[in-house]
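Only the coordinates and a few stated rules stand behind these numbers; no lab work does. Being a predicted model, the structure only gives us computed values, none of them experimental. Here the Cβ positions follow ideal geometry from the backbone for every residue, glycine too, while neighbour counts run over all protein chains shown.
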Amino acid sequence: MGGFIAALTNKPEIFFITNLLAGGGKARKRWQIFVEEMKTKHFTINCHPTEYSGHAIELAKQALDEGKKRIAVFGGDGTLNEVLNGVIQDDRLVDPEIQIVFLGAGSSCDVEKMFPNRLPLADRVLSKNPYLVDVAKVICRDESGRQINRYFLANSSVGVISQSIVAFNRKTAIMSFLKRLNVDIAALFAGIRNVFQFGNFSADVTIDQTEHLSRSLKNLTVFKCAYFGGGMNYGVPSSFDDGKLHIALINKMGRIKTLSYIPSLYTGSVLKKVNAEYHQGYTVKLSGENLTVAVETDGEIIGIPPCAYSILPKLVYLVL
């Protein structure tokens, strides 16, 4: 793959970042099929494979240093998230003209589900019709207290969902097998197992500095995309460019009742449940004492609370 030469001179030069381990390793075969299809279009590829967590951030910065205006991301939501965080600095694009082409090849690719008229992968590479999309931001901290700034496109969760992602992302033999078999089955397995390991947590939630909620929570999700974990969704309309954050709260409940909520996550009816709340806003803060529950963004575990969310309207061009 590294032997592919740069894009032909009569085509825009595109910097390809690939995660061939995405989708439980299925991305490797998908990449081979994609490359063969691009060859039929007389388009050759300069491929930059990711080698470790966070590598796509570095590769995105490399693309900017080389003056590239388009970065193609072949992988899942996590790879796309890393590239996003490589092209934004201090809430601004390092290069205002940069465009990100998302070639979804991961386990869930929830970001794609915000775009009903998305193109076939090969057609995205040269598409001249990008979407100008909102970017959400979260500030949290690592276990040493260091501040972490992270940008995301789809969603961020704190609670039973983020802890289930911790379990889902573990590189164990059974999780690798289940992901190859079916990503929805793998996510369901991780979620059910985690229900028996994770309880509830007390926190204060502030929306737009005016709405103050003190809750014992099972989970909080701040999202732009209502879909998550492959086949699950919150069942409310959201948009990539509505300029708002959508907030789902699942309040305290026991393990058996939590299990009973799982089917409603797949039917999109969970927010109709008694223990659920739905809000909208422009900023969200989550705080509390001794909170050690994981914070995730677009399927990547990034830190722990307290968290401060905000929205950056119509910040980046995305091609799908």
Under unit Cβ charges (Lys, Arg +1; Asp, Glu -1), what dipole magnitude, rounded to 20 debye, does the chain have relative to its Cα centre? 920 debye
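Filter the trypsin sites (Lys or Arg not before Pro) in the range 94-156 down to the DSSP loop ones having no more than 12 other Cβ atoms within 10 Å, then list what survives.
Working: sites: LYS113, ARG118, ARG124, LYS128, LYS137, ARG141, ARG146, ARG150; in loops: ARG118, LYS128, ARG146.
Taking the range 94-156 and a limit of 12 other Cβ atoms within 10 Å, the loop trypsin sites (Lys or Arg not before Pro) found are LYS128, ARG146.
Just tell me the longest site-free run in the chain, where the sites are GluC sites (Glu not before Pro) in a DSSP loop having at most 13 other beta-carbon atoms within 10 Å.
Working: sites that count: GLU51, GLU66, GLU97, GLU143, GLU289.
Result, exposed sites excluded: 144-288.
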Looking at the range 9-56, which trypsin sites (Lys or Arg not before Pro) are DSSP coil and have at most 15 other C-beta atoms within 10 Å of their C-beta? LYS41
Name the chymotrypsin sites (Phe, Trp or Tyr not before Pro) in the range 10-97 that are in a loop by DSSP and that have at most 10 other C-beta atoms within 10 Å, would you? TYR52
Amide H of ILE98: which non-local residues (sequence gap of 5 or more, or other chain) have their own amide H closer than 5 Å, using H built in the peptide plane? none
Evaluate the relative contact order of the range 15-129 (contact order divided by residue number), counting alpha-carbon pairs under 8 angstrom at least 6 apart; express in whole percent. 31 percent
Could you tell me how far the Cα centroid of the range 262-304 sits from the Cα centroid of the range 48-102, in Å? 26 Å
Can you tell me how the range 207-320 classifies by the Cα gyration tensor, rounded, prolate or oblate, using a/c under 1.5 as the rounded cut? oblate
Name the aspartates and glutamates eligible as straight-distance cross-link partners of LYS41: C-alpha to C-alpha under 12 Å, and not fewer than 8 places from it in the same chain. ASP123
Would you work out the charge dipole size for the range 24-158 about its Cα centre, treating the Cβ of every Lys and Arg as +1 and the Cβ of every Asp and Glu as -1, and quote it to the nearest 20 debye? 420 debye
